[in-house]
Amino acid sequence: MSDAPVYAASPMGAPKTFAECKTQDERNAWAAAEYRAYLSKQSTPDKDITDNEIMKASSLNTPLAPNSRLATLAAFPARGRELLPLVPPVAAPRPYPVAALGPVLSAATECIASKCQCAPSLAAQSVLGVASLATQRLADVRMPYGQTRPLSLFCVTVAASGDRKSTVDNEALIPVRMHEKNLKQQYDSAYGAWKVGHSAWAAEYRKIENDKRLDRTNREAELKALGSAPVEPIKPLLTAPEPTVEALAKHWPVLPGALGLFSAEGGQFTGGHGFGPDHRLKTAASLSSLWDGSGIRRLRAGDGIADLPGRRLALHLMVQPDAAAAFLSEPILRDQGLLSRILVAAPDTLAGKREWKKGVDGLADAMRRYVAVILDLLERPASASNAAGNELTPRALDLSAESEAVWGAFYNRIEKAQAADGALEGLRDVAGKAAENAARVAAVLTVVERPEAPDIQAPEMRAGCEIAGWYVAEALRLAGAHRQSPILRNAIKLLEWLRAKGKTEITRSEIMQFGPSAVRTKSEAEAALTSLEEHGWLVPFPIDGKGLRWSVVKELNQ
């Protein structure tokens, strides 16, 4: 577009705002001058307004068309309008403290990250989740205030499609799958023997029960001598991708006492039945109870009573960014406390930087050691209080005097940061669990390196505090992006849709008919439009008494 004189403001000068214009000449002059200033900032000029239209608006007494770009600009101050970001800029993630994971887990993390060409934090999340699964059945940690806590860790990794989530998880879960295969072979043999034994016991029970020659005293004696029914063998399942609370309560009596909720498609769980509007609070409360080590206790009219103490659950979900934003910003989950228990990592993608390189056939030495160590932990007998062996009673790991001092210093540092105007003032829920997560991580590292250790030493506690500190920093980094209100999330989706469709103007009815599914109701569309207006991305103007149309504001670099 040329810089012809017709773009200049009228000799009388353009008022500061459109509202100050007294005549049509002033309005035309103001709009032309404003549009010239607008175009001067654009790397790609707006093609919606032609030179002739600018000339007409600036030199003739022609009313501005109510649906024109010039009329839209009338809503702006002369110097333009500030565009407020919908989400605060997210800083780059800090490097994950891989070395703090200890010799076995750090070497496995580096090996997986190199082989799968993924971010180290993504590999570390998978490896730490597997380590938690393997160790939680063997030990608890005794906190400095006397209470014991399980070694269960809840991890969530935010990664987009193509970031090698499934590939990484498959590598980290190699020893778990091997152990499940061994358990399956043992189960097949044990189940056959149990079925024969149970049938024989049931037949004998019915025989005694129906024997009319026995009086009550003799019948009771016979039944007592027969004993209880044979215990069904534990099913060979260590991990489940998306169980509901009801399914856990129903089937856990015949499952191992320590389970892992692992999924490379965690959105199926966070967006599934258990986290639907009618169930999310119940699911969150049950998961929090398991994290605390309280097991499951349910009383339902239809399902009866489920009292399952001594259960342990490790969790690692890999979730895509949009699903993660919805899950991690859900107010109910934050108020309930589940989100404060979660260790979140959101590594930058390496897509576009992963040149092909042929890997080494088979397992590297670091992975062989990792597999051997995790397999050994999974195969060790776990202390239990019931005949089935799944009501766990792990030993308690104490903190040595030096490690307790290390833990106390970390606790105090995190606590001070939660004060008014402190770095963690707005993240008190996550910060409040940081010291406990540090102790859990230290205990996991201790059992991995020294399975029979009676206590946690200072090096492991320093490592646990360093890792827990990284997760606090990561939560702080992601606080703006993952603490969005539903209205703001919908506004972001609407703006992305407008840009993708190349829209310069839009009406509410168009949004409700063709827009993103999240804003196709009147209330949701109006809320998203209002949010975009408040942030400067949309400008409303009337349509001849037929409601409003909104003009889309471009960024200067668009």
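Quick notes
- Candidates Leu378, Leu399 - the one that is among the hydrophobic types (A, V, I, L, M, F, W, C) and more than 16 Å from Glu436 (Cα to Cα): Leu378
Every residue, every condition in (1) on the phi > 0 side of the Ramachandran plot; (2) modelled with pLDDT under 90; (3) touching a Gly at 6+ places or on another chain (Cβ under 9 Å), yes or no:
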site	(1), (2), (3)
Leu313	no, no, yes
Ala346	no, no, no
Leu377	no, no, no
Ala387	no, yes, no
Glu391	no, no, yes
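So that you can scan it fast, the table gives a plain yes or no per residue for (1) within 30 Å of Arg334 (Cα to Cα); (2) part of a loop (DSSP other than H, G, I, E, B):
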site: Trp470; (1), (2): yes, no
site: Ile492; (1), (2): yes, no
site: Trp497; (1), (2): yes, no
site: Lys503; (1), (2): no, yes
site: Ser509; (1), (2): no, no
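- Subset of the range 183-199 (residues that are in contact (Cβ under 8 Å) with a residue 24 or more places away in the chain and within 12 Å of Pro236 (Cα to Cα)): Leu183, Lys184, Gln186, Tyr187, Ala190, Tyr191
- Remark: Leu392 falls outside the filter, which requires a residue to be closer than 27 Å to Ala108 by Cα and touching a residue at least 40 places away in the same chain (Cβ under 8 Å).
- Residues that are more than 27 Å from the chain's Cα centre (by Cα) and among the β-branched types (Val, Ile, Thr) were ranked within the range 506-520; the one that is nearest to Leu84 (Cα to Cα) is Ile506.
- Number of positions in the range 244-262 that are of a type in the set (Val, Ile, Thr) and touching a helix residue (DSSP H, G or I) at 6+ places or on another chain (Cβ under 9 Å): 2
- Matching option when the condition is under 16 Å from the mean Cα position of the chain (by Cα) and in the same structural domain as Arg137 (by TED's automatic domain parsing), among Val371, Val344: Val344
- Condition check for Val254: surrounded by fewer than 17 Cβ atoms within 10 Å (Cβ to Cβ), aliphatic (A, V, I, L, M) and in contact (Cβ under 8 Å) with a residue 12 or more places away in the chain: yes
- Out of Ala113, Ala100, sole residue that is of a type outside the set (Val, Ile, Thr), surrounded by 14 or more Cβ atoms within 10 Å (Cβ to Cβ), modelled with pLDDT under 95 and assigned to a helix (DSSP H, G or I): Ala113
- Output for the range 317-350, where each listed residue is within 22 Å of Pro97 (Cα to Cα) and either free of Cβ contacts under 8 Å to residues at least 60 places away in the same chain or surrounded by fewer than 19 Cβ atoms within 10 Å (Cβ to Cβ) (or both): Asp348, Thr349, Leu350
- Given (1) over 22 Å from the mean Cα position of the chain (by Cα); (2) without any contact (Cβ under 8 Å) to a residue 12 or more places away in the chain, number of the condition Pro309 does not satisfy: (2)
- Matching residues, the range 133-164, being touching a helix residue (DSSP H, G or I) at 6+ places or on another chain (Cβ under 7 Å), farther than 16 Å from Asn437 by Cα and modelled with pLDDT of 95 or more: Ala134, Leu138, Thr157
- Residues (in contact with a strand residue (DSSP E or B) (Cβ under 7 Å, 6 or more places away or on another chain) and of a type in the set (Val, Ile, Thr)) located in the range 108-135: none
- Taken over the range 257-266, the criterion of being surrounded by 20 or more Cβ atoms within 10 Å (Cβ to Cβ) and closer than 30 Å to Asp322 by Cβ is satisfied by Leu259, Gly260, Leu261, Phe262, Ser263, Ala264, Gly266.
- Qualifying residue in the range 373-386 (condition: closer than 30 Å to Pro256 by Cα and assigned to a strand (DSSP E or B)): yes
- So Arg462, is it assigned to a helix (DSSP H, G or I) and either more than 20 Å from Leu138 (Cα to Cα) or among the polar types (S, T, N, Q) (or both): yes
To keep it simple, each residue is scored yes or no on (1) part of a helix (DSSP H, G or I); (2) in contact with a Gly (Cβ under 6 Å, 6 or more places away or on another chain); (3) not assigned by TED's automatic domain parsing to the domain that holds Ala159.
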{"site": "Glu204", "(1), (2), (3)": "yes, no, yes"}
{"site": "Lys207", "(1), (2), (3)": "yes, no, yes"}
{"site": "Lys212", "(1), (2), (3)": "no, no, yes"}
{"site": "Ala221", "(1), (2), (3)": "yes, no, yes"}
{"site": "Pro243", "(1), (2), (3)": "no, no, no"}
{"site": "Leu248", "(1), (2), (3)": "yes, no, no"}
{"site": "Trp252", "(1), (2), (3)": "yes, no, no"}
{"site": "Phe262", "(1), (2), (3)": "no, no, no"}
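- Qualifying residue in the range 321-332 (condition: out of contact with any His (no Cβ under 8 Å at 6 or more places or on another chain), part of a loop (DSSP other than H, G, I, E, B) and assigned by TED's automatic domain parsing to the domain that holds Glu242): yes
The values are calculated or read from the model by the stated rules, or taken from the named source; none is laboratory data. Quick caveat: nothing in here was measured; it's all calculated off a predicted structure. Cβ: placed from backbone, ideal geometry, glycine included. Neighbour counts: every protein chain shown.
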